[in-house]
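Presented below is the structure to which this report refers.
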Amino acid sequence: MRKKMNQTLGRTALAAALVSVYGPALAEDARGSVSVGGGGWTNDRHQAGQYDGMRDKGFYPTLDADVEKRDDSGITWGLKVRNLGLQTREITGEVERQGDIGGSFEYNRIVKDNPFTIDTGLIRNGTRELVPATSIVPGTGRDLELSTVRDRYTAKFYKAFGERFTFHASYRVENKEGNQQWGRGGAPEFAIQPINYTTRIWEAVLNYADTRLQFSGGYIGTSFDNSNGLAATSLSTGASPFLLTLPLDNRSHEAFVSGGYNFTPTTRGTFKASYQRATQNEFLPTARPGLGLASPLAPTHLDGRIDTTLVEAGLNSRPITDLTVNANVRYRKLEDKTPINGYVFTGTTPTVFNTPWSYKTWTGKVDATYRLKDGYSLLGGAEYSDQNRWVPKKGTLWVPFRSDLDELTLRAGVRKAMSETVNGSLTYLHANRDGGNYDVPGTAGDAVKDVINPLNIADRKRNKLRGLVDWSPVDNLTLQFIAEGSKDKYSGLPYGLEKGSGHVFTVDASYQLKEDWSFHAWVSFDQTKAEEETQGNAVSTKDNTLKEKGTSYGVGLRGAVNKLKLGADLERFRSVNKYDQNLNGIALSTSLVPVPDITNKMLRVKAFASYPILKNSELRANFIYERWQTDDWTWMMFPVGGPSQAFVYGTTTDGTTVFADQKQNSVFGGLRYIYRFE
């Protein structure tokens with residue numbers, strides 16, 4: 001309750017401050033709208049309410065406003081308020097003299113609520129998270145709900161210098177606070193990660209534009225500060241703290257320039273260049289004197305540094321009436337200049353090193369469109385990427401690396417304006433990714449590491465086909481069909497992803513029934529499939545076929561009966577995840593329990609009715625019904641010969657369990673008064 005009161009006081013103070021500035025300016029001769037109202041949910045909605053600030057049942061007041069005024073001197077004042085009364089509130093104040101000078105201030109709150117309820121014996125003591133000395137009986141602890149909140153403040157300014165130059169500057173501060181689900185130890189044991197971050201972004205840009213040349217140049221800087229260096233966890237008996245490290249502070253600075261030049265009315269060139277330096281040089285919290293967490297031979301600072309250089313140039317031209325060509329070349333170099341040091345020692349011998357990562361990539365791309373007779377157009381293109389990647393020469397390789405990676409992508413298609421009511425296109429894409437030899441770990445007694453094929457560097461062949469049709473059989477009916485299919489094949493090393501495929505089919509329809517009534521509907525089907533090979537045990541391999549199938553549809557209606565405006569929407573989403581497994585092509589034995597399918601369902605029905613009270617005001621009623629269902633087993637275990645049961649953290653030292661209601665239903669009813677003025 002105290003947290004909610006502080007949040008309410010905070011937003012009230014902020015709103016009052018903005019009103020004190022903008023109120024006198026907007027008091028007279030303004031235009032816009034103001035709405036006030038509220039509504040309530042009948043039940044908790046932990047899954048559907050993760051991001052909208054209405055996770056729990058209860059009443060939620062709201063206030064929205066969008067007001068603008070222009071005075072005789074040409075200055076425009078504006079104030080926008082969204083969701084005032086909710087956690088997801090937004091407030092923006094603006095003032096400008098068009099074409100000359102202006103500024104704005106924005107406030108946004110972003111909420112992320114953990115959808116799970118955690119039953120735990122963990123207790124808090126100041127900033128420490130305490131784990132019980134002995135295991136609690138699962139389900140006998142206290143319920144814990146976790147969330148994070150980001151408060152974002154942004155100030156913007158612009159100034160025009162004549163007709164060709166404009167200057168823009170902005171400064172953003174974002175504070176993120178809360179707790180996230182975490183863990184510690186090899187048991188494992190449950191813990192909470194404390195969040196107290198401050199991120200700052202500042203930007204300054206100078207723009208120039210005339211009939212031929214346009215460019216922008218400027219600077220972007222960022223900083224990230226974490227108020228917590230270590231999270232201290234310990235047993236409730238008073239044992240020594242078990243310390244866990246948290247993200248380190250960092251900084252970045254970037255200078256950039258971009259723009260374009262019109263050589264002729266049919267030929268335009270573009271360019272872009274930037275250089276960024278990012279550093280992370282905070283004192284390592286594990287190196288604090290007296291903690292004994294790090295070897296005295298290990299460095300006390302990471303001295304992290306990454307330099308990124310980007311250069312890009314492009315050309316768009318129409319050399320003849322029916323031909324359009326786009327070409328682009330891009331160079332990106334990322335240099336990780338962080339020193340390679342040992343951080344874990346066996347005696348005086350370093351055994352664990354940090355692994356900097358550097359690469360440089362050249363990318364060339366060309367696309368062309370040629371218009372033929374009878375409404376046909378031919379489409380074609382090619383893209384080639386050549387990447388050189390750094391391979392560690394110090395420390396231990398844990399997976400294979402590759403120093404070279406190349407990819408060629410070819411595109412071809414046809415587009416046809418079949419008639420005034422039918423248009424369609426068909427596009428085919430083929431991509432082939434290849435690389436040089438693998439640098440393998442070569443670890444004695446662990447040959448499996450040498451044959452793991454990381455997804456991002458594996459050889460891959462991809463084929464993709466996409467078709468689209470727009471059809472208007474009658475004036476008041478519009479249909480759109482989209483079908484897409486793709487197949488991937490991976491090779492190079494035995495273990496890892498081998499095949500992949502995906503299919504998507506959608507239909508959208510809109511129909512104007514009468515002058516005041518319209519109907520719209522859509523349906524979508526998608527399916528993805530992946531086949532991989534992993535090691536089942538010391539003498540066998542395991543084949544996994546992973547599938548996800550999604551089906552969704554929606555219908556909606558809008559209309560009016562005399563002065564009463566009505567609307568309704570129904571949306572339904574369903575996804576099924578399948579996990580087929582076998583060993584050496586043989587079904588799993590009865591002693592091995594395969595994981596079952598996971599099915600998620602979401603049904604949402606929305607309706608509204610709006611009735612004018614006076615000339616410039618109306619009363620609007622809203623209704624929402626939500627139903628979410630799942631049989632997700634993420635936090636469940638599957639014992640042989642018995643029913644599934646909740647996963648337990650550290651069965652002898654903890655006892656925490658995580659669960660979620662598998663059926664969540666809730667109904668929202670709300671009423672809002674809207675006033676518009678000019």
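The values are calculated or read from the model by the stated rules, or taken from the named source; none is laboratory data. Computed from a prediction, not measured in an experiment: that's the story for all the values here. Neighbour counts run over all protein chains shown; Cβ positions are idealised from the backbone, glycine included. Remember, those area values only see protein heavy atoms, side chains included, never the ligands or the DNA or RNA. Shrake-Rupley method; radii C 1.70, N 1.55, O 1.52, S 1.80 Å.
Remark: spin-label model distance residue 388-residue 307 equals 1.5 nm, labels positioned 7 Å along the Cα→Cβ axis.
Counted residue by residue at 0.36 nm each, then reduced by the alpha carbon distance between them, the extension gain from residue 489 to residue 575 reaches 28.5 nm. Restricting the trypsin sites (Lys or Arg not before Pro) of segment 299-358 to loop positions (DSSP other than H, G, I, E, B) with no more than 15 neighbouring Cβ atoms within 10 Å leaves 337. In a reduced charge model with +1 at each Lys and Arg Cβ and -1 at each Asp and Glu Cβ, segment 544-678 shows a dipole moment near 960 debye about its Cα centre. Treating each Cα of segment 432-542 as an identical point scatterer and summing with the Debye formula, the log10 of I(q)/I(0) at q = 0.12, 0.14, 0.21, 0.23 Å⁻¹ comes to -0.63, -0.72, -1.10, -1.20. Exposure check, 1.4 Å probe, all protein chains in place: residue 514 carries approximately 140 Å² of accessible surface. For residue 590 and residue 617, the FRET efficiency from 1/(1 + (r/R0)^6), where r spans their Cβ atoms and R0 equals 56 Å, is about 0.20. List the chymotrypsin sites (Phe, Trp or Tyr not before Pro) in segment 525-586 that DSSP assigns to loop (not H, G, I, E or B) and whose Cβ has at most 15 other Cβ atoms within 10 Å. Which are they? In loop regions of segment 525-586 (DSSP not H, G, I, E or B), there are no sparsely surrounded chymotrypsin sites (Phe, Trp or Tyr not before Pro). For the chain, a Kirkwood radius taken over Cα pairs fed into Stokes-Einstein (25 °C, viscosity 0.890 mPa s) yields D = 79 µm²/s. Among the GluC sites (Glu not before Pro) in segment 74-115, none is located in a DSSP loop while being surrounded by at most 14 other Cβ atoms within 10 Å of its own Cβ.
Full extension of the chain between residue 355 and residue 155 gives 68.2 nm of extra length, using 0.36 nm per residue less the Cα-Cα distance. In this simple spin-label approximation, residue 480 and residue 524 carry label points 7 Å from Cα along the Cα→Cβ vector, and these lie 1.1 nm apart. With the simple spin-label model, which puts each label point 7 Å out from Cα in the Cβ direction, the residue 275 to residue 142 separation comes to 5.5 nm. As a length-normalised measure over Cα pairs under 8 Å and 6 or more apart, the relative contact order of segment 137-229 settles at 24 percent. Over all directions, the projected convex hull of the C-alpha atoms in segment 561-678 averages 14.1 nm² in area.
Ranking of 343, 376 by solvent-accessible surface, largest first: 376, 343 (1.4 Å probe, protein heavy atoms only, all chains present). Taking each of 461/549; 360/461; 112/394 in turn, the alpha-carbon distance tops 29 angstrom for 112/394. Once the C-beta distance of residue 51 and residue 123 is scaled by a Förster radius of 25 Å, the resulting FRET efficiency is 0.30 to the nearest 0.05. Cross-link candidates for residue 615: which aspartates and glutamates have Cα within less than 14 Å, leaving aside residues fewer than 8 places away along the same chain? Result set, ordered by chain and number: 678. By the equivalent-ellipsoid construction on the alpha carbon gyration tensor, segment 625-671 comes out with semi-axes of 32, 15, 6 Å, ordered largest to smallest. The residues of the chain expose on average 55 square angstrom of accessible surface per residue, using a 1.4 Å probe on protein heavy atoms.
On full extension, the segment bounded by residue 631 and residue 468 gains 55.1 nm, given 0.36 nm per residue less the C-alpha separation.
In terms of overall dimensions, segment 316-458 has a Cα radius of gyration and Dmax of 23.5, 80 angstrom.
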